[in-house]
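No value in this document is a laboratory result; all are computed from the given coordinates. Computed from a prediction, not measured in an experiment: that's the story for all the values here. Counting neighbours? That spans all protein chains shown, and the Cβs are built from the backbone with ideal geometry, glycine included.
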Amino acid sequence: MTDRVDTVVIGAGVVGLAVARKLAQAGREVIILEAADLIGSETSSRNSEVIHAGIYYPTGSLKAQLCVAGKHALYDYCTEREIPHRRCGKLIVATDESQIATLEALKAKAAENDVPDLEMISGAEAQAMEPAVRCVAALISPSTGIIDSHALMLNYQGDAENAGAVTVFNSRVVRGKIDDTGITLAVADEDAGEYEVEAEIVVNSAGLWAQAVAGSIEGMPAESVPPTYYAKGNYFTLAGGRPFGRLIYPVPEPGGLGVHVTIDLGGQVRFGPDVEWIDSIDYSLDASRGDKFYEAVRRYFPDLKDGALQPGYTGIRPKVTPKGTQAADFMIQGPATHQVPGLVNLFGIESPGLTASLAIADMVAEKLGLA
């Protein structure tokens with residue numbers, strides 16, 4: 001038997017849930033297929049939980065546009081729904097004079113990206129704000145914040161289901177085919193075995209598995225599916241007190257934003273992520289990587305004591321370009337790109353995907369003619 005549904009969203013991470021919410025509220029009958037047994041179990045729950053300002057991304061890129069639009073929408077949504085969050089701000093710090101030019105370039109880039117509120121301050125001013133920090137200059141970003149990402153996802157899921165969506169767990173899409181009647185997906189269910197679902201619209205928001213899902217759909221142009229690369233980020237937590245009230249970021253490094261300080265809503269200080277390129281999904285954390293964390297962190301937090309860093313957790317960024325190359329933009333492929341009616345693929349949705357989630361959902365709806 002093949003079940004016929006209106007719309008399928010593959011993946012119940014923060015972006016998949018935001019998309020399902022948008023499409024259900026637009027009047028579509030939505031089924032969310034999630035391979036795991038709970039929402040947001042991978043990239044969406046293994047990150048820094050930061051609401052990004054939109055500083056770093058190339059002007060005109062999807063990351064820049066959707067981060068800024070998503071940030072404003074997300075703050076409004078969190079306020080409306082009383083989702084735990086805090087607009088704590090962050091400092092981007094230069095630890096030697098040679099990095100000041102990078103800060104100036106970041107400030108100019110931010111202004112081009114419609115983030116005009118960054119302010120350059122001296123090292124003494126930064127230390128007055130954050131006494132534990134040592135730097136020669138800093139940028140302050142007042143619109144950066146932190147959020148309870150699980151509470152956010154629960155709200156997205158609740159909105160989607162209140163509009164008629166259904167979330168089906170333990171349901172992995174294993175293959176599919178495209179024909180004149182729509183897109184048929186073969187789904188492996190842990191209890192029910194394998195069954196088929198035919199849909200008019202399919203949104204592939206499978207995160208780390210998005211390329212594999214797209215590549216398994218017969219009729220999907222192979223040239224439209226990018227290669228898959230994984231960059232693991234390792235996090236360490238700080239034992240003891242809470243030396244910071246804001247997020248502290250070094251100047252960016254290739255592949256990421258450097259080993260930075262984030263704070264959760266309970267006040268726990270975390271350091272990370274670093275960038276560790278891997279060949280397959282592996283969430284283990286090598287405690288010996290902490291040795292390099294001490295070196296990186298002490299450039300701006302010299303009072304970090306030996307033994308203060310405790311292994312925390314890891315997350316994995318879905319990449320579409322390999323190590324040593326420029327980070328790629330989000331890839332949001334609609335029918336105009338791959339010529340498959342009703343299909344949208346979301347590839348390489350890494351940071352700032354959480355911040356941009358509502359704006360990404362809006363763009364998916366536009367590509368499907370539902371905005």
For the stretch 148-193, what are Rg and Dmax over the alpha carbons, in angstrom?
14.4, 43
Using +1 at the Cβ of each Lys and Arg and -1 at the Cβ of each Asp and Glu in the stretch 136-244, identify which of ALA192, ASN204, MET220 lies farthest towards the dipole's positive end.
ASN204
Once Rh for the stretch 324-371 is found with the Kirkwood sum over Cα pairs, what is the Stokes-Einstein diffusion coefficient at 20 °C and 1.002 mPa s, in µm²/s?
186
Note on the chain: helices (DSSP H) long enough, at least 20 Å by alpha carbon along their axis, and hydrophobic enough, mean Kyte-Doolittle at least -0.5, are 62-81
Check: the stretch 293-339 dipole with +1 on Lys, Arg Cβ and -1 on Asp, Glu Cβ, in debye
80
Among VAL19, GLY60, GLY241, whose Cα sits farthest toward the positive end of the charge dipole of the chain (+1 at Cβ of Lys/Arg, -1 at Cβ of Asp/Glu, about the Cα centre)?
GLY241
Along the three principal axes, how long is the chain when you take its alpha carbons, biggest first, rounded to the nearest angstrom?
68, 40, 39
Placing one identical point scatterer on every Cα of the stretch 171-293 and ignoring solvent, what is log10 I(q)/I(0) from the Debye formula at q = 0.10, 0.12, 0.20 Å⁻¹?
-0.54, -0.69, -1.07
Need one number: % antiparallel among DSSP beta bridges in the chain, to the nearest 5.
70
Local charge sum around ALA26 (other residues, Cβ-Cβ under 14 Å, Lys/Arg +1, Asp/Glu -1)?
-2
What does the charge add up to near SER171, with Lys and Arg as +1, Asp and Glu as -1, over the other residues with Cβ less than 9 Å from its Cβ?
-2
Highest mean packing first, using Cβ neighbours within 10 angstrom, the peptides 18-29, 217-228 sort as 18-29, 217-228
Where the only charges are on Cβ atoms (+1 Lys, Arg; -1 Asp, Glu), what is the dipole of the chain about its Cα centre, to the nearest 20 debye?
1060
How many angstrom lie between the Cα centre of the stretch 40-100 and the Cα centre of the stretch 242-306?
17
Fully extended contour minus Cα-Cα distance, from THR321 to ASP286, at 0.36 nm per residue:
10.2 nm
All-pairs alpha carbon distance profile, the stretch 246-357, 10 Å steps from 0, percent:
11, 36, 32, 14, 6, 1
What FRET efficiency do you get for ASP180 and ALA108 if R0 is 45 Å and r is their Cβ-Cβ distance, rounded to the nearest 0.05?
0.30
Quick one: Debye curve from the C-alpha atoms of the stretch 108-253, no solvent, what's log10 I(q)/I(0) at q = 0.08, 0.15 Å⁻¹?
-0.47, -1.00
Counting pairs on different chains as well as pairs 8 or more places apart, how many Lys pairs in the stretch 3-156 have Cα atoms under 19 Å apart?
9
Toy charge model, Lys and Arg Cβ at +1, Asp and Glu Cβ at -1: the stretch 312-371 dipole around Cα centroid in debye, rounded to 20, equals 240
With DSSP loop assignment and no more than 14 other C-beta atoms within 10 Å, the trypsin sites (Lys or Arg not before Pro) in the stretch 261-336 are ARG298, LYS305, LYS323
Equivalent ellipsoid semi-axes for the stretch 1-136, as square roots of 5 times the alpha carbon gyration tensor eigenvalues: give them largest first, rounded to whole Å.
39, 16, 14
